[in-house]
Each structure stands twice: as structure tokens, then as C-alpha cells.
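Step one of this worksheet: look at the structure below.
The values are calculated or read from the model by the stated rules, or taken from the named source; none is laboratory data. Keep in mind the model is a prediction, meaning the values are calculated, not measured. Reconstructed Cβ throughout: ideal geometry from the backbone, glycine too, with neighbour counts over all protein chains shown. Each accessible area value is taken on the protein alone, full model and side chains, heavy atoms only, with ligands, DNA and RNA left out. Shrake-Rupley method; radii C 1.70, N 1.55, O 1.52, S 1.80 Å.
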Amino acid sequence: MIKTASATISGKSVTILTNAQGMTLYYRTSDSGSSVCSGGCASAWPPILVTGSATPTSATSLPGQLSVSTNANGKQVEYNGHPLYTYSGDSAPGQTNGQGLSGVWFAVTTALAPGGGSQNNGYGY
């Protein structure tokens, strides 16, 4: 279950996506249609996965689309084509410690532009 929460990022109040426990969800700008974060990377940035034929759902109506893609991590939830992750550096709901890390990790806002796949450059713009 994907939820939403308000957060202040770069001095601006935005609506972000969270997991069922309220932990901030992130995307990686270098993911292009599938996750490039697996193995050791996935230890720091745990992917959001579903099992079986489960379909990701949202507690609220989202302007974008939730979907699932199969990659090295398993069946990973995506928002507008971006694979979703949590960050091991966030220890409580509402934290956004992963925002901007390495210049490629960013909190997922409800306004995140479609990315991934072959429709664009994979960076969401």
C-alpha cells in the first residue's frame, strides 16, 4: 500500500509517496526503465517489491500511475515508470535523509514526471 505525506524539500512543501509504514519513497535518476540498484546498492536502498500477482495500491488517488516491473530485485513497484526504493538512512516516518544523495536519489513526489522505458531519456524530463 502506497501512501502520501507532506514534506519540506529544498524549502518547498510537497506531497511525497511513502510506504505503508510512512517511510519516504525514493527514485534514482539513473534508472532507465529498470532498476540499476541491486545487490549492495539494494541493501542501502531497499526496493519496494510485491509478491505473486499483487498489484500495488494507493491509499489516496494519485495523479500518476503505479505499476510493477520484473528486474534483478524481483517484482518492483514503479511510479510513472520509476522503480521505487526506501532508504536505510531514514529511521522514522517523515524523514528525507536520502534526498539529493549522490546527485541521483530523490524523494518521489506525486508530481514526478513519467520516466523509464523507451519513451524518454529515463531521467523524467
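Structure data summary
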item	result
Accessible area of the chain divided out per residue, in Å², using a probe of 1.4 angstrom	48
Identified option (computed Cα extents along the principal axes in Å; candidates (1) 58, 35, 24; (2) 33, 30, 28; (3) 54, 35, 22)	(2)
Accessible-area ranking of Val14, Val36, largest first, probe 1.4 Å	Val36, Val14
Environment charge at Ala107 (Cβ cut-off 13 Å; Lys +1, Arg +1, Asp -1, Glu -1)	+1
Most mobile listed residue (Thr24, Thr86, Thr55) in the chain, GNM with C-alpha springs under 10 Å	Thr55
Ser34 long-range amide H proximity, modeled H, under 5 Å	Gly117
Calculated Rg and Dmax of the range 37-79 using C-alpha coordinates, Å	11.4, 34
Descending semi-axes in whole angstrom, ellipsoid equivalent of the range 38-110, from the Cα gyration tensor	20, 16, 11
Carbon plus sulfur fraction of accessible area for the chain, probe 1.4 Å, in percent	50
Residues whose placed amide H lies under 5 Å from that of His82, excluding near-sequence neighbours	Gly115
Fraction of antiparallel bridges per DSSP, the range 1-99 only, in percent to nearest 5	95
Among Ala107, Ala20, Ala59, residue whose mean-square fluctuation peaks in a GNM of the chain (springs only between Cα atoms under 10 Å)	Ala59
